[in-house]
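The values are calculated or read from the model by the stated rules, or taken from the named source; none is laboratory data. Given the structure is predicted, the values throughout are model-derived calculations rather than measurements. Heads up, the Cβs are rebuilt from the backbone with ideal geometry, glycines too, and the neighbour counts pull from every protein chain shown.
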Amino acid sequence: MITLDKFYINGEWVAPAAPKMMPVLTPSTNAQVGTVALGNEVDVDRAVAASKAAFETFSMTTKAERLALLRRLADVTKARLGDLAAAITMEMGAPATMSRESQAQSGLGHLESFIAALEAHDEEETLPNGDIVSYEPIGVCGLITPWNWPVNQIALKVVPALATGSTCVLKPSEHTPLSARIYAELIHEAGYPAGVFNLVFGDGISVGSALSKHPDVAMMSFTGSTRAGSAVSRDAAATIKRVTLELGGKSPNVIFADCDVDAAVAEGVSSCFDNTGQSCNAPTKMLVERSVYARALDVARKTAEATKVDDPMVEGDHIGPLFDRLQYERVQAMIQKGLEEGSTLLAGGLGRPDGLAKHLQTGWFARPTIFSDVTPDMSVWREEIFGPVLIIAPFDTEDEAIAMANDTEYGLDAYLSTGDEARAMRVSRRLRAGGIHINGRASDYGSPFGGFKQSGNGREGGKFGLEDYVEVKVRPPFAQWP
């Protein structure tokens with residue numbers, strides 16, 4: 001049993017102000033694997049005070065000094081990628097191979113891209129009018145990260161804060177504290193000064209809200225649901241702090257008849273089911289040109305039926321469980337809605353998959369599910385399900401496909417498959433989303449990640465991710481009085 005009963009504040013592991021413990025469960029069996037302490041406003045005050053004091057000196061460090069620390073952080077991260085992957089598999093159920101090759105690796109990939117971005121970053125520039133603009137660290141940053149990509153999102157928020165000379169207080173999801181604890185250990189081992197990075201476990205109502213409201217926090221960066229993002233914005237409004245949000249998605253996947261349809265459909269289904277569908281940018285709404293629609297349905301059904309669901313502790317190319325009971329019950333409820341509202345069940349359906357090992361039958365495993373002939377009036381068209389559930393619908397024209405793709409309150413990513421380069425560029429321009437995937441190709445580490453509409457504001461990753469953590473100051477060049 002793992003006990004996480006301390007917070008990392010001012011360079012030390014310290015006891016909470018008022019200990020309140022919560023069980024940590026593993027989703028593959030729903031067994032308890034540990035406990036974690038939940039903080040409160042007093043703990044946040046201590047962490048913010050440490051961060052504020054550290055900012056006085058850390059904000060004055062040179063770019064060279066900060067790059068040296070980041071490179072040291074990269075070295076210690078590489079040495080513990082296996083520990084990070086094992087923690088992620090245990091706490092949120094990502095399969096072992098995916099945890100190692102994608103989940104944990106993303107923390108290193110983003111870190112290396114931020115190092116490259118900082119190397120190229122000019123901290124001052126001269127405007128055409130002769131005035132000088134400087135980009136200076138914003139101050140104390142409050143960072144709130146989710147459970148579905150725990151290390152990925154920690155790196156996307158903590159690293160740019162450290163890179164720019166800002167300081168931070170991290171509130172990771174209280175449900176995935178194991179990987180967050182390891183990340184704090186990496187920061188400590190890399191040699192960051194006390195108070196530059198602080199970690200407080202807790203829930204959104206107590207720790208998250210206290211951070212968002214705190215007058216000494218200069219900016220908030222939040223990843224999670226649109227509902228919770230709205231709450232962070234409201235809490236932050238009184239102190240006029242900067243808020244960046246990466247929220248939900250219902251990403252369309254537009255497949256034209258002039259592409260390799262079999263490959264595009266199979267890739268689309270697999271991408272939707274990856275991480276058990278628990279990714280905000282998963283391509284969960286497949287739109288297929290009508291002339292190849294029947295063929296696409298056949299490929300999609302076969303791909304879903306071939307998708308293996310298994311123990312996340314086992315290596316291999318399979319998907320694992322949903323994150324917890326609440327997530328499982330929500331996915332089951334959405335599948336039930338799809339059935340009741342008249343869409344066609346192409347694959348999967350309610351309940352757990354057949355053939356699960358006995359020790360997994362208490363885990364939160366769902367059947368990879370596809371609905372076809374879905375229409376915009378249905379709940380499964382409009383709502384983010386956050387599970388291995390794909391919807392498919394036909395379109396007749398390019399304009400119709402674009403309208404259907406944009407028929408969502410979200411705008412995080414959009415996917416597109418076509419053999420016509422001119423069409424790819426034309427359709428990409430009209431899709432209202434922050435990131436476009438073309439013919440199975442996504443953007444790489446260092447490119448901006450973020451969305452339009454209710455998918456949030458701000459961008460994470462590379463040079464664009466640094467911008468949210470700096471303030472802009474202007475001054476004239478020095479001159480003697482005339």
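Assessment of the stretch 407-421 against the conditions (farther than 18 Å from VAL269 by Cβ and of a type in the set (Phe, Trp, Tyr)) yields at least one matching residue.
From the list VAL48, VAL33, VAL42, the lone residue that is more than 25 Å from the chain's Cα centre (by Cα) and either surrounded by fewer than 19 Cβ atoms within 10 Å (Cβ to Cβ) or in contact (Cβ under 8 Å) with a residue 40 or more places away in the chain (or both) is VAL42.
Where strands (runs of 3 or more DSSP E) fall wholly inside the stretch 1-102, the ranges with 2 or more residues that are within 30 Å of PHE273 (Cα to Cα) are 21-26, 31-37. Scanning the stretch 56-80 for residues that are in contact with a helix residue (DSSP H, G or I) (Cβ under 8 Å, 6 or more places away or on another chain) and either hydrophobic (A, V, I, L, M, F, W, C) or not assigned by TED's automatic domain parsing to the domain that holds GLY109 (or both) returns LEU67, LEU69, LEU70, LEU73, ALA74, VAL76.
Only residues that are closer than 20 Å to ASN148 by Cα and aromatic (Phe, Trp, Tyr): list them for the stretch 271-297, please. PHE273, the sole residue that qualifies. Comparison of ALA333, ALA347, ALA306 shows that the only residue that is within 18 Å of GLU383 (Cα to Cα), small (Gly, Ala, Ser) and in the same structural domain as LYS285 (by TED's automatic domain parsing) is ALA333.
In the set (1) closer than 24 Å to TRP364 by Cβ; (2) surrounded by 21 or more Cβ atoms within 10 Å (Cβ to Cβ); (3) touching a helix residue (DSSP H, G or I) at 6+ places or on another chain (Cβ under 7 Å), the condition left unmet by VAL265 is number (1).
For the stretch 394-422, a residue qualifies if it is within 29 Å of THR344 (Cβ to Cβ) and surrounded by fewer than 16 Cβ atoms within 10 Å (Cβ to Cβ), and the qualifying residues are ASP396, THR397, ASP399, GLU400, ALA403, ASP407, GLU409, GLY419.
Within the stretch 285-304, identify whether any single residue is farther than 30 Å from ILE402 by Cα and touching a strand residue (DSSP E or B) at 6+ places or on another chain (Cβ under 7 Å), and answer yes or no. For the stretch 285-304, residues farther than 30 Å from ILE402 by Cα and touching a strand residue (DSSP E or B) at 6+ places or on another chain (Cβ under 7 Å): absent.
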